[in-house]
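**Student:** This structure is in structure tokens; I'll ask about it shortly.
The values are calculated or read from the model by the stated rules, or taken from the named source; none is laboratory data. What you see is a predicted model, and the numbers here were worked out from it, not measured in a lab. Glycine also receives a Cβ, built like all others from the backbone with ideal geometry; neighbour counts cover every protein chain displayed. Only protein heavy atoms, including side chains, enter the accessible area calculation; ligands, DNA and RNA are left aside. Shrake-Rupley method; radii C 1.70, N 1.55, O 1.52, S 1.80 Å.
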Amino acid sequence: FWVGQLSTEALAAIGFAFPLIFLFQSIGIGLAVAGSVLVAQYEGSGNKNMVDYTASQTIMFGVLASISFGLLGYISAEKLLTIYGASETVLPLGFSYLKIIFFGIWGMFGFLIVRSLMRGYGDSRTPMYIMTGSIILNIVLDPILIFGWGFFPSMGIEGAAIATIFSRALAFGMGLWMLNSGGNGVEIHLSDMTPDFGFWKKILEVGIPASIGTAGRAVSVNLLVAVVGMFSTKVVAGYQVGLRMIMLVLFSAMAFGRGVETMTGQNIGAGNFERAEKVVTVGAKHLFIILSGLGVVFFFFPDFIVSIFTNDPLVIDYGGTFLRYAALSAGFIGAMRAFLGGFRGAGRTLVAALLGILTVGVIRFPIAFIASRFIGPVGVWLAFPISNVSGVGIAYFWFKRSKWKQKIIE
């Protein structure tokens, strides 16, 4: 919202930057999934010592990995923005934003892992409270740092980046403090953080497929940005505003999917395979209904929603049209995340990864690329409902036909 008040170019710069951030965060997401699944299955089996040990090792591994990838992102950001087609006016804005984000990405990685560990144990409330506080702080800091207030200078798009990394780093510190106190069921210990390469191998076995899946989807998202980038800056800006609303649906679905993941993992850890399957089935049905309702709101009021973020009539038109097309399959986004959560909870992160890549990379991107050559931006918009519906059909087939309910812990 606030960046949209700066200029259309600034809004487009955020649009180009977001998929890159998501690409690098995919590693953190993979580690977070690995920690969450292992904690859930050890908790289900009643092994408290391994719950704490898993949490301690995952945090140490994640912090070291995030520093390395932050450095890589900082070095490559400008070149990648150029490859994605950022214009001469958008490129410096995008790089100014990204260099700050990558400098502080360790806080984003760290909190992502901390909240996943808590959820793996079954505590989703504490990370929600911390995340809510972080979001509120981010919202308060954004206008202050972007436009300047009091002794704070006007920093433009860089102010938005600083607000993000500061609020996430503070959330990470709060999460560490709470895990160190042991009041949430998971307790980290400094003595358990000495690198255990044997256990890190276990984390990687579960986490790498999850990272590949997330990275594959991120690459596909980046490719879609490149496709949309072939059109005007106003098309890019409209797409990014509409995409933010669809990401609201996706993140809601991912949160419920994490609940399915935790409950599936704990039941499998306890050897209750029938109940694990029921968790996924009930989750998919409820998510489909709930998010279909949100999709209805997006379908009937797309222009009004997009106009909250920009007053450019062309951007509103493009963003509203995209949002209407994408809203048709909002319920399928929810069902898909339930199935993926079930597979991950069982430790079948490779299956979840392949399904995610298939939906976005093999179905959505080719349709968007080919159709956009003939019917313009609408070809990209159509690719979203087609890929979402197709992905759920394939996931359901795998869910019913494969032997996915097996433990991954001793």
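**Student:** Identify the single condition in (1) surrounded by fewer than 22 Cβ atoms within 10 Å (Cβ to Cβ); (2) touching a Leu at 6+ places or on another chain (Cβ under 6 Å) that Ile357 does not satisfy, given that it satisfies every other one.
**Tutor:** Unmet condition: (2).
**Student:** Pick out, from the range 303-387, the helices (runs of 4 or more DSSP H) lying fully within it that include 2 or more residues that are closer than 30 Å to Gln406 by Cα.
**Tutor:** 330-345, 349-357
**Student:** Continuing with this model, one more query. When only residues in the range 291-302 that are among the aromatic types (Phe, Trp, Tyr) and part of a helix (DSSP H, G or I) count, which is surrounded by the fewest Cβ atoms within 10 Å (Cβ to Cβ)?
**Tutor:** Only one residue tops the list, namely Phe300.
**Student:** Restricting attention to the range 236-277, which residues are more than 22 Å from the chain's Cα centre (by Cα) and surrounded by fewer than 23 Cβ atoms within 10 Å (Cβ to Cβ)?
**Tutor:** Result: Ala270, Gly271, Asn272, Phe273, Glu274, Arg275, Glu277.
**Student:** Select, from Leu93, Leu112, Leu117, the only residue that is modelled with pLDDT of 85 or more, farther than 24 Å from Ala34 by Cα and surrounded by 20 or more Cβ atoms within 10 Å (Cβ to Cβ).
**Tutor:** None of the other options fit; the residue is Leu93.
**Student:** From the list Glu9, Glu78, pick out the single residue that is among the charged types (D, E, K, R), open to solvent by 10 Å² or more (accessible area, probe 1.4 Å), under 25 Å from Val241 (Cα atoms) and touching a residue at least 40 places away in the same chain (Cβ under 8 Å).
**Tutor:** The conditions single out Glu9.
**Student:** All but one of (1) at pLDDT below 90; (2) acidic (Asp, Glu); (3) closer than 28 Å to Thr349 by Cα hold for Glu78; which doesn't?
**Tutor:** (3)
**Student:** While we're looking at this one, here's another question. Looking at the range 362-379, which of the residues that are touching a residue at least 40 places away in the same chain (Cβ under 8 Å) and surrounded by fewer than 21 Cβ atoms within 10 Å (Cβ to Cβ) is nearest to the chain's Cα centre (by Cα)?
**Tutor:** Phe369
**Student:** I've got another one for you. Taking the stated definitions as given, is Ala215 surrounded by 17 or more Cβ atoms within 10 Å (Cβ to Cβ), small (Gly, Ala, Ser) and either within 30 Å of Phe309 (Cβ to Cβ) or in contact with a helix residue (DSSP H, G or I) (Cβ under 8 Å, 6 or more places away or on another chain) (or both)?
**Tutor:** Here the answer is yes, as Ala215 does meet what is asked.
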